[in-house]
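Scroll down for the structure; my scribbles are underneath it.
The values are calculated or read from the model by the stated rules, or taken from the named source; none is laboratory data. What you see is a predicted model, and the numbers here were worked out from it, not measured in a lab. Neighbour counts run over all protein chains shown; Cβ positions are idealised from the backbone, glycine included. Protein only, heavy atoms only, side chains kept; ligands, DNA and RNA dropped before computing areas. Shrake-Rupley method; radii C 1.70, N 1.55, O 1.52, S 1.80 Å.
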2 protein chains.
Amino acid sequence: MPLLGLLPRRAWAALLSQLLRPPCASCTGAVRCQSQVAEAVLTSQLKAHQEKPNFIIKIPKGTRDLSPQHMVVREKILDLVISCFKRHGAKGMDTPAFELKETLTEKYGEDSGLMYDLKDQGGELLSLRYDLTVPFARYLAMSKVKKMKRYHVGKVWRRESPSIVQGRYREFCQCDFDIAGQFDPMIPDAECLKIMCEILSGLQLGDFLIKVNDRRIVDGMFAACGVPESKFRAICSSIDKLDKMAWKDVRHEMVAKKGLAPEVADRIGDYVQCHGGVSLVEQMFQDPRLSQNKQALEGLEDLKLLFEYLNLFGIAEKISFDLSLARGLDYYTGVIYEAVLLQTPTQAGEEPLNVGSVAAGGRYDGLVGMFDPKGHKVPCVGLSIGVERIFYIVEQRMKTKGEKVRTTETQVFVATPQKNFLQERLKLITELWDAGIKAEMLYKNNPKLLTQLHYCESTGIPLVVIIGEQELKEGIIKIRSVASREEVAIKRENLVAEIQKRLSES
Amino acid sequence: MPLLGLLPRRAWAALLSQLLRPPCASCTGAVRCQSQVAEAVLTSQLKAHQEKPNFIIKIPKGTRDLSPQHMVVREKILDLVISCFKRHGAKGMDTPAFELKETLTEKYGEDSGLMYDLKDQGGELLSLRYDLTVPFARYLAMSKVKKMKRYHVGKVWRRESPSIVQGRYREFCQCDFDIAGQFDPMIPDAECLKIMCEILSGLQLGDFLIKVNDRRIVDGMFAACGVPESKFRAICSSIDKLDKMAWKDVRHEMVAKKGLAPEVADRIGDYVQCHGGVSLVEQMFQDPRLSQNKQALEGLEDLKLLFEYLNLFGIAEKISFDLSLARGLDYYTGVIYEAVLLQTPTQAGEEPLNVGSVAAGGRYDGLVGMFDPKGHKVPCVGLSIGVERIFYIVEQRMKTKGEKVRTTETQVFVATPQKNFLQERLKLITELWDAGIKAEMLYKNNPKLLTQLHYCESTGIPLVVIIGEQELKEGIIKIRSVASREEVAIKRENLVAEIQKRLSES
């Protein structure tokens, strides 16, 4: 009676009342008749369902299951991203899905209300991780590691109102690459931009642009425009919305909600329209207000050096110095960047995509020190690939093109035209598996040949090996190509070698 | 002043009071002197730390970070496991880390108190997933999929008291393979056992044994011994502890804690000593008490058929019919199995390992129906590889043998013996990266050659390409083998081809 433990409490009562009936004629007496028990379980289950007329299975709000189709696209994209990280010498690592709540608080600025907290079940107060950067900084401080180039692919969780249509979920995957350590200026920073270019080119998402700025230039610009220092991060957070909101609305937020003087907002408005190449960096050195700000000057010096390295990497033309780039997170201290797709991949019949940035990052030299008891700093710079948006773009494209993906990798199907050939099929498939060949068969004693061949066609299996009475008698096996429907007979003992040959050719 | 947003609230007050000092002599007036601000930030940060004398960075209880060393071992093992799942035609899928709490309740029997709940932040009541099986069943019911062979690798969370020394954590990885659908009896079940054998053999963990039983035989045995049906699952849960506890203690739990009559416990005691091959199955058909139980007979019939298929798969000698195997989880309805390592891999100097089972699973035909509004059933059978225990064993072994693993895959290091060669190094490494070669260099303007070569030796990079004034003038590059210290000069334009040749040879 294996289902008993699975029944809801009310169903139990119904079940017990049934079991109190006298035993049926076929009962042994010692043990209650099993069929009677089974019937009672069924009845009580049905009753349980009748008692819950609104029985609905659901998945948590803002989350989704990833089907095999999703997984195939993901695997391909993640493979490309990870192999780029490895090409640049990064090590893998992982941290727990949750951290002590205090580890995560006061790190994210305005967004910290979006954290998932765990219930206090006696013990520590925990929250699900919100990104991979803060756990990395905590790891560096805890392990006293002073230098590390690592990548991290993992899920993070944010309680945002999900706008699922744009591929935004409350649970999503991040792919981060970071370089921690004290090095000569801008060399690791430039490599981060190189990596972003390699990945975005490799994924063939169409033309893209990476906006670059520096937190010191942002803050210097704020100071130069007359923003009170106490409002720096709040105004920064407003500016960060410029990719989703019009300037007019951002200005309104800064003035009406955050109490900025209108003329200060307008001064900012002049700056945030500026974007260009290294020549804009030169131009800003001449800006009468900005050039008087020590921080801004440091930022401009670094950007100048950065562009020199970007030239050597051959990617300078992909990079735009953009004064409207601010980045929302609090922890950035130097160069910041964000990659956007230029040409929305809208083709005939495709919905227009509004995917925002597909990769972003920057320098955060203060974060590790916040976790160190003595405040020892470890300078860091890194990037995060917005893989969820990339998955979404690629899936949309495949949908438009009507492309189908195979969700299995099966190479060979073991079939028979005869009845009572299960034993032979099992022996045959064992040989294939043991030789490392990906093989399937139907879990039926006597499947029809047509059903078997149809299965191969619908799942994209390229080869069928067929065994029947004739073949068994003659010591041969037929190999059939699903695409061409050609069949050849080969000696049974050559089966594995022949299949490996065909697979290596295709 | 990029750190401002990062300061704790009290530090803010300290900072503000500093900022209220009159501007220093070098200040422009319009903007507050940056060095003064920087000083204020520093002071207030120190103050913040002085205010938290017990400042300790911690990671949640029962969890750990996975270092690059851990990750390398994991990647290898997971690759082997996943490629076996794919060899058997499985598709990948994923579900969210958390489910509605009600999805998970009343599925796990005595263990359900160990679930991590999320805090009620307004909205649904959620819990972290406890295994991958219940989410799979929920997925099947929700998507109305009636047939599916899938694998799932993901983290699960259980609030157990962690005994970290044995490699048990509150967050751990599971690797599941399941076959859902109505098929002819025992064919998918036998394949699950085949897969367990392939994986355990492939991992070379030493000799192993897979214990097999059937929930219907367990329940039939309970009925035959006189266990009241209401105690079936509770007694099953006690029997499940036989691999960790002595019979005497399990008997005590059943009698003293679960109110079983002592003579009933002793009758169970006789059965649970029995284990053997297919001959034991035959023997149990003759058992006077068991053979009168319809359920037990069904279970025995199925085991007989199972052994027939296991023979054809060539793995029957690895399988032991074991009446002490019960499995703790409530949802099993048919065949159950658990793999144990026979020869603890204790070698000279190695700690004895108590790793328990390394893979387990069984048939659960009722679980999907519990999620279906109309109770439609989808029969399922599957297995879970205890990868955490396997990681632990492999790591222990490597430690004993003093084996080191490379944590990066870098193939080529770009070095220079000269000062002011950063530009040339950057150009060179770009060429390598763009050709798909894994390459690193030091992030220094003027690193010493010895430092560069030492880096290669300590991180296991096999090749160095060296560029200096001489090489630049002659249009050549030196390639150095780190192991042999041999150097050869090649034409600059042949660099990529030459390196690819060398890498393909090694």
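Observations, loosely collected:
- Of all residues in the stretch B:74-91, those satisfying the criterion of being open to solvent by less than 10 Å² (accessible area, probe 1.4 Å) and over 10 Å from B:ILE199 (Cβ atoms) are B:HIS88, B:GLY89, B:ALA90.
- The stretch A:365-389 - residue that is open to solvent by 10 Å² or more (accessible area, probe 1.4 Å) and more than 10 Å from chain B (Cβ to nearest Cβ) and, of those, farthest from A:LEU78 (Cα to Cα): A:HIS376
- Taking residues in the stretch A:84-108 that are at the interface with chain B (Cβ under 7 Å from one of its Cβ atoms) and more than 21 Å from B:LYS155 (Cα to Cα), and partners anywhere that are small (Gly, Ala, Ser) and open to solvent by 10 Å² or more (accessible area, probe 1.4 Å), the pairs with Cβ atoms closer than 8 Å and at least 6 places apart or on different chains are A:ARG87/B:GLY436; A:GLU106/A:SER112.
- Scanning the stretch B:211-246 for residues that are facing another protein chain (nearest Cβ under 8 Å) and either in contact (Cβ under 8 Å) with a residue 24 or more places away in the chain or open to solvent by less than 30 Å² (accessible area, probe 1.4 Å) (or both) yields B:ARG215, B:ARG216, B:ASP219, B:ALA223, B:ALA224, B:GLY226, B:PHE232, B:ARG233.
- For the stretch A:436-493, a tally of residues being of a type in the set (A, V, I, L, M), more than 27 Å from B:ILE195 (Cα to Cα) and within 43 Å of the chain's Cα centre (by Cα) returns 2.
- The stretch B:482-495 residues that are within 18 Å of B:THR410 (Cα to Cα) and assigned by the TED database to the domain that holds B:LEU463, paired with ones that are assigned to a strand (DSSP E or B) and open to solvent by less than 100 Å² (accessible area, probe 1.4 Å) (beta carbon under 6 Å, 6 or more apart): B:LEU495/B:ILE477
- Of the residues making up the stretch B:309-326, just one is surrounded by fewer than 16 Cβ atoms within 10 Å (Cβ to Cβ) and part of a helix (DSSP H, G or I), namely B:GLU317.
- When A:GLN34 is tested against the conditions (1) modelled with pLDDT of 80 or more; (2) more than 30 Å from A:LEU383 (Cβ to Cβ); (3) buried (at least 16 other Cβ atoms within 10 Å of the Cβ), the lone failure is (1).
- Filtered by the rule that a residue be part of a helix (DSSP H, G or I), surrounded by 20 or more Cβ atoms within 10 Å (Cβ to Cβ) and in contact with a helix residue (DSSP H, G or I) (Cβ under 8 Å, 6 or more places away or on another chain), the stretch B:198-210 gives B:GLU198, B:ILE199.
- Checked against the criterion of being in contact with a Gly (Cβ under 9 Å, 6 or more places away or on another chain), facing chain B (nearest Cβ under 7 Å) and over 30 Å from B:GLY369 (Cβ atoms), the stretch A:54-72 contains not a single residue that satisfies it.
- Pairs, first on the phi < 0 side of the Ramachandran plot and more than 7 Å from chain B (Cβ to nearest Cβ) in the stretch A:114-130, second small (Gly, Ala, Ser) and outside any strand (DSSP E or B), C-beta under 8 Å, six or more apart: A:LEU128/A:ALA97; A:LEU128/B:ALA97; A:ARG129/A:ALA97; A:TYR130/A:SER112
- For the stretch A:281-297, residues that are surrounded by fewer than 17 Cβ atoms within 10 Å (Cβ to Cβ) and under 24 Å from A:LEU193 (Cα atoms) total 3.
- Residues located in the stretch B:254-268, provided they are more than 16 Å from B:SER230 (Cα to Cα) and of a type outside the set (A, V, I, L, M): B:PRO262, B:GLU263, B:ASP266, B:ARG267
- Within the span defined as the stretch B:167-179, every residue fails to be without any contact (Cβ under 8 Å) to a residue 40 or more places away in the chain, assigned by the TED database to the domain that holds B:SER237 and of a type outside the set (Gly, Ala, Ser).
Results for (1) in contact with a strand residue (DSSP E or B) (Cβ under 9 Å, 6 or more places away or on another chain); (2) of a type in the set (Gly, Ala, Ser), shown as yes or no for each residue.
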| residue | (1), (2) |
| --- | --- |
| B:VAL73 | no, no |
| B:LYS76 | no, no |
| B:LEU80 | no, no |
| B:PHE85 | yes, no |
| B:GLY89 | yes, yes |
| B:GLY109 | no, yes |
| B:MET115 | yes, no |
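- Strands (runs of 3 or more DSSP E) enclosed by the stretch B:413-506 - at least 1 residues per element that are crowded, with 19+ Cβ neighbours inside 10 Å and touching a helix residue (DSSP H, G or I) at 6+ places or on another chain (Cβ under 6 Å): B:463-466, B:476-481
- Criterion (crowded, with 20+ Cβ neighbours inside 10 Å, more than 16 Å from A:LEU66 (Cβ to Cβ) and touching a Leu at 6+ places or on another chain (Cβ under 9 Å)) met by exactly one of B:LEU193, B:LEU125: B:LEU193
- The residue of the stretch A:131-141 that is nearest to B:GLY62 (Cα to Cα), among those that are facing chain B (nearest Cβ under 7 Å) and not aromatic (Phe, Trp, Tyr), is A:ARG138.
- Screening A:GLY154 on (1) among the small types (Gly, Ala, Ser); (2) within 20 Å of A:GLY334 (Cα to Cα); (3) assigned to a strand (DSSP E or B) shows it passes everything except condition (2).
- Yes/no for A:GLN273 being surrounded by 15 or more Cβ atoms within 10 Å (Cβ to Cβ) and either within 34 Å of the chain's Cα centre (by Cα) or part of a helix (DSSP H, G or I) (or both): no
- A:ARG158 being modelled with pLDDT under 95 and within 16 Å of the chain's Cα centre (by Cα): yes
- You will find that of B:LYS146, B:LYS107, the residue that is open to solvent by less than 50 Å² (accessible area, probe 1.4 Å) and either touching a Leu at 6+ places or on another chain (Cβ under 9 Å) or not acidic (Asp, Glu) (or both) is B:LYS107 and no other.
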